[in-house]
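J.: Pasting a structure here, questions to come.
The values are calculated or read from the model by the stated rules, or taken from the named source; none is laboratory data. Worth saying up front: this structure is predicted, and the values here are computed from it rather than measured. Here the Cβ positions follow ideal geometry from the backbone for every residue, glycine too, while neighbour counts run over all protein chains shown. Ligands, DNA and RNA are stripped out before the accessible areas are found, and what is left, the full protein with its side chains, is counted by its heavy atoms. Shrake-Rupley method; radii C 1.70, N 1.55, O 1.52, S 1.80 Å.
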Amino acid sequence: MGRQKEFEPQLAVEKAMYPFWQKGFSATSIDDLVEATGVQRYGLYAAFRDKHGLFLAVIDHYLERMVGQMVHVLEQEEAGWTEIQAFFNQILSIAATTVGHNGCLMCNAANEMGQDDAEIANKMRRYQERLITLFERALIQAKATNNVGPNLDPTVGATFLFTTAVSLFALIKSPLPQATYAQHVTVALSGLQALSNS
């Protein structure tokens with residue numbers, strides 16, 4: 001029989017997510033990860049090969065757990081304008097938390113590494129495609145129920161909503177007042193509705 005693992009890798013990934021989320025990839029040291037996970041470096045290397053391997057596992061965990069929770073409302077079969085608003089309200093709620101001030105881990109990783117790291121860039125593309133697809137489906141439903149006007153192109157609108165979400169995550173990392181984030185969402189959504197009727 002093989003020797004039993006000394007730690008649960010998935011739990012280590014969960015704990016490693018927070019220093020990476022707060023500091024970014026480059027600024028997070030192996031010592032930071034050892035302290036956060038309670039796992040010695042040889043154990044982390046054995047399970048994940050290196051810091052980059054652990055970071056990729058963390059990104060996958062973040063996309064499944066954190067992003068999965070956020071987009072759940074958009075994945076409902078009848079998701080429409082109300083669910084789009086609910087999605088952005090979730091981001092605003094997260095922004096009010098300590099960890100929320102770190103912004104979006106996936107977006108942070110793409111900004112830091114995306115141009116030079118093919119694996120991170122590919123994960124960001126899939127993240128973008130997932131959100132745009134869900135936004136587009138919700139906008140088609142919103143158009144059918146007259147929650148947005150007849151002149152809306154759902155594909156263009158979905159891309160706009162994605163960039164609105166990304167820019168909101170960037171704002172959250174700034175020292176601006178919390179009210180600024182809500183204003184950003186209000187102007188974006190009301191502007192999209194107005195344009196759909198013009």
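J.: So what are the ³J(HN,Hα) numbers for the range 15-31, from phi and the Karplus equation (6.51, -1.76, 1.60; θ = phi - 60°), rounded to whole Hz, Gly and Pro as x?
T.: Using θ = phi - 60°, the values come out as 6, 6, 4, 6, x, 4, 5, 7, 9, x, 5, 5, 7, 8, 8, 4, 4 Hz.
J.: Please determine, in degrees from 0 to 90 and to the nearest 10, the orientation of helix 81-95 with respect to the longest principal axis defined by the Cα atoms of the chain, where the helix direction is its Cα long axis.
T.: That helix lies at roughly 40 degrees to the long axis.
J.: Based on Cβ point charges of +1 for Lys and Arg and -1 for Asp and Glu, what charge dipole magnitude is obtained for the range 48-198 about its Cα centre, in debye rounded to the nearest 20?
T.: 200 debye
J.: Against the longest alpha carbon principal axis of the chain, how many degrees, from 0 to 90 and to the nearest 10, is the axis of helix 51-62 turned?
T.: 40 degrees
J.: Can you give me the Rg/Rh ratio for the range 110-198, using Cα atoms for both radii and the Kirkwood formula for Rh? Kindly include the intermediate steps, with their values, before the conclusion.
T.: Numbers: Rg = 15.0 Å, Rh = 14.4 Å.
Radius of gyration relative to Kirkwood radius: 1.05.
J.: Where does helix 154-172 land angle-wise versus the long Cα axis of the chain, in degrees 0 to 90, nearest 10?
T.: Taking the Cα atoms of the chain, the angle to 154-172 is about 50 degrees.
J.: Right, next: Tell me, what is the FRET efficiency for Arg126 and Ala96 to the nearest 0.05, using R0 = 25 angstrom and their Cβ-Cβ distance as r?
T.: After rounding to 0.05, the efficiency reads 0.35.
J.: Now, a different point. How much accessible area per residue does the chain have, in Å², with a 1.4 Å probe?
T.: 53 Å²
J.: To continue, here is another question. Give a residue-ordered list of calculated ³J(HN,Hα) values for the range 108-124 (Karplus: 6.51 cos²θ - 1.76 cosθ + 1.60, θ = phi - 60°; whole Hz; x for Gly, Pro).
T.: Calculated HN-Hα couplings, in order: 4, 5, 5, 5, 7, 10, x, 6, 10, 10, 4, 5, 5, 4, 5, 5, 5 Hz.
J.: Ranking request for peptides 54-62, 144-152: highest mean number of other beta-carbon atoms within 10 Å first, then the rest in descending order.
T.: The most tightly packed comes first, giving 54-62, 144-152.
J.: On a full-extension model of 0.36 nm per residue, what is the gain between Ala118 and Gln183, subtracting their alpha-carbon distance, rounded to one decimal in nm?
T.: Contour length minus Cα-Cα distance gives 19.9 nm.
J.: Right, next: Which lysines have a Cα lying under 21 Å from the Cα of Lys51, excluding residues fewer than 8 positions away in the same chain?
T.: Lys5, Lys15, Lys23, Lys123
J.: Does a label point 7 Å from the Cα of Asp60, set along Cα-to-beta-carbon, have any residues of the range 9-49 with amide nitrogen under 14 Å, and which are they?
T.: Only 9-14, 47-49 fall inside the zone, counting backbone N under 14 Å.
J.: To continue, here is another question. Between Leu11 and Ser190, what is 0.36 nm times their sequence separation minus the Cα-Cα distance? Round to one decimal in nm.
T.: Between Leu11 and Ser190, full extension yields an extra 60.3 nm.
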